[in-house]
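Since every read-out is calculated from the coordinates, none of them should be taken as a lab result. Nothing here was measured: the structure is a model prediction, and the numbers come from that model. Using ideal geometry, Cβ is built from the backbone for each residue, glycine included, and neighbour counts are taken over all protein chains shown.
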Amino acid sequence: MLIERKWKKWLYFYLPMAAFIVFTLFPFYWMAITAFRPDNELYATWRQPNAAPLWTLHPTLEHFVGLMKTTAFPTWLWNTMAIAMVATGISLVCGMFAGYALARLKFRGSEFLGTAIFITYLVPQTLLFIPLADIVRDLQLGNTPWALMLTYPTFLIPFCTWLLMGYFKTIPKELEECARIDGATRFGAMVRIIFPVAIPGILSAGIFAFTLSWNEFIYALIFMSSADQKTVPVGVVSELIRGDIFFWGQLMMGALLGSVPVAIVYSFFVEYYVTGLTGSVKG
Amino acid sequence: MATVTIRDLNKKYENGFHAVKDVNLEIRDKEFVVLVGPSGCGKTTTLRMVAGLEEITSGEIRIGEQVVNELPPMDRNIAMVFQNYALYPHKTVFDNMAFGLQMRGYAKADIDKRVREAADMLGIQVLLERKPRQLSGGQRQRVAVGRAIVRHPQVFLFDEPLSNLDAQLRVQMRVELKRLHKRLETTAIYVTHDQVEAMTLGDRVVVMKDGRVQQVGEPLELYGRPANKFVASFIGSPAMNFVEVSIGGDGVAQTEGLRLRVPERIRSRSGQRVTLGVRPEALRIANGSDQDSFTTTVDVVEPLGNEILLNFRAGGVPMVARVDPGVRVKMNDSIQLAFDPQRLHFFDAQSEAAL
């Protein structure tokens, strides 16, 4: 009986789990291994004797050095970081206030407004960049970090607002009622009670917003033209694919280094982030 | 310390629901008043209007001499205990209790003194450094009460504060609240749907239904002289038995299987139908001298130790009698019961008002 159960657990739990993990992580593994593989191994065929397609026999840092020396990668990294942080900051602040208002204040048209904000999130960026390009040009922001810092919030604010609105709704309204009786104004109750309680939700919104800005491609491609203004996703693709030549090693090294900050951010806040998404505050 | 005066208070929500209708109440200084009624009766809405958490549609609320209709909650000098305690989850017990004082700019030493005083009073000194999630339900309840008393407000408002506790703890906290009120001598308004809580805690009890006040009175007054059938049925457990009877010209009320003489004041209703109300304890096992007795068959016997509840049918409706624990009765026994003529209630069959 016990043995049968163990066997079943392997079949129905561990095996699918393992398959899932391999499936999810393999691209990352491939990226990492390619980043450290020397060029002669990279471009050799698998049928060659001693070929080792799944690992490398001569790990090298040549792509790292190449990336740092021949491209503006450190600048891209810095650009991406600064833009993602500012865009996330703007969006979080707006999202917190808007989300609170939509969750708590009853005013004429509040539901319509909530839906309208959500709909703006559904407008694809591939459509939105055309009018936005016009605005960016009129404001003479093209090819400056502000072009992205101010356009990313167009999709981040609706996103943060909705995520936070949902989170604020799970916080019992008695908490702020009590604070208001205790002597806080509505604004004071929001800032002193609701926001601190909503930290898991705010952090999840922040992480999501940060990741979305970090990985954003279309706006960055269109609004930034000079190499020293580019972000990692655009820089890597536009500078390391020359014509029909792919610099695979450097591409993968760039992608690897580009994903590290996001991974670090996630790992720091993973607990908050899970509570943030599953919600619920107990009084 | 303050009185609370409520005049012609109304609350109508935007969707047209009229939650509170023409409520008038005069709450005396230091008085403990309980608002009781079934859910949706408007008791909580009334309390929230006093707190300033709900806008008033029409009418006036005064705390002391001041009209507070337009005052924000923070300026009303009240404290409220919520059903779910509403403790700030990110603050320690100490900070929870200190928050109201901090907001009002008290000095640090003063805050410390007041919080410790209140914590002593409630026996929660050892919990001061904990977070709410590390507390049991009863402890949270105490902290919520503590947070209310540190500020020495003019009025305490309680919104079903004991509903989330288990039965045993509820009884214990009930006694503590009563003791606390005696000690603090602060005007208190307490909302509950539990009539036992209402009767045990209130100096006076306000029974509400459908947004209207049905009766205001001391607990025993409500029990002994209910103003209408609703109050009679709501107060008391097991509930009062009701049966429709017709009044004959000879001053005798009857319905199938029941016959009893009615008091003088009911005789003028001869030829009409009225509702007779009998509390379970106003029924007893008949002895030979009882005139208004009837015979019935016991459906269910509920021995509770200090008393026995007998369930039976009479006059075509199910009824309950509360009898002495010494009485030996089994299911399906035929028994003879008598009404206590001094403790009969009569209600108008249409308006349900007491006669």
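Observations on the model:
- Cα→Cβ-extended label distance, 7 Å offset, between residue B:126 and residue B:225, nm: 5.0 nm
- Taking Cβ atoms as reference points and 13 Å as the exclusive limit, the residues near residue B:270 contribute a net charge of +3, counting Lys and Arg as +1 and Asp and Glu as -1.
- Cross-link reach list, lysines versus residue B:229, counting only Cα pairs under 28 Å and skipping chain neighbours closer than eight places: B:11, B:12, B:21, B:43, B:209
- The length gained by stretching the chain between residue A:43 and residue A:22 to full extension, at 0.36 nm per residue less their Cα-Cα distance, is 5.1 nm.
- Put a dot 7 Å past the Cα of residue A:7, heading toward its Cβ, do the same for residue B:133, and the two dots end up 4.3 nm apart.
- Whole-Å distance, taken between Cα centres, linking region A:35-57 and region B:175-205: 82 Å
- Taking other residues whose beta carbon is less than 13 angstrom from the beta carbon of residue A:35, and scoring Lys, Arg as +1 and Asp, Glu as -1, yields -2.
- Qualifying GluC sites (Glu not before Pro) in region B:36-126, DSSP loop, other Cβ atoms within 10 Å at most 16: B:55, B:65, B:70
- Cβ-Cβ FRET estimate between residue A:78 and residue B:113, R0 fixed at 56 Å, reported to 0.05: 0.55
- Separation of alpha-carbon centers, region B:222-275 and region B:1-17, rounded to whole Å: 34 Å
- Computed over chain A, relative contact order equals 29 percent, with contacts defined as Cα pairs under 8 Å that lie 6+ residues apart.
- C-alpha center-to-center spacing [region B:281-322, region B:34-113] in angstrom: 47 Å
- Residue of B:304, B:180, B:165 that the Gaussian network model of chain B assigns the largest fluctuation, springs spanning Cα pairs under 10 Å: B:304
- Applying both filters, DSSP loop and at most 16 other Cβ atoms within 10 Å, to the trypsin sites (Lys or Arg not before Pro) of region A:90-156 gives A:106, A:108.
- Chain B: DSSP helices with Cα axial extent of at least 30 Å and average Kyte-Doolittle hydropathy no lower than -1.0: none
- For region A:65-279, the convex hull drawn through the C-alpha positions has a volume of 141 cubic angstrom per residue.
- Compared with the rule-of-thumb size 2.2 N^0.38 Å for a compact globular protein, region B:4-234 has a Cα radius of gyration ratio of 1.01.
- Sparse packing (at most 14 other Cβ atoms within 10 Å of the Cβ) combined with a DSSP loop state is found for the following trypsin sites (Lys or Arg not before Pro) in region B:262-355: B:328, B:330.
- Per-pair calculated FRET efficiency, R0 = 51 Å: residue B:175 and residue B:13 via Cβ, rounded to 0.05: 0.90
- Local electrostatic count at residue B:211 - Lys and Arg +1, Asp and Glu -1, tallied over other residues with Cβ under 11 Å: +4
- Per residue, the protein assembly as shown reaches -14500 deg cm²/dmol at 222 nm when only DSSP H runs of four or more residues are counted, each adding -39500 (n - 2.57).
- Residue B:273 versus residue A:140: modelled label distance in nm, points set 7 Å from Cα along the beta carbon direction: 9.1 nm
- Other protein chain Cβ atoms within 10 Å, averaged over every residue that makes up B:71-82: 4
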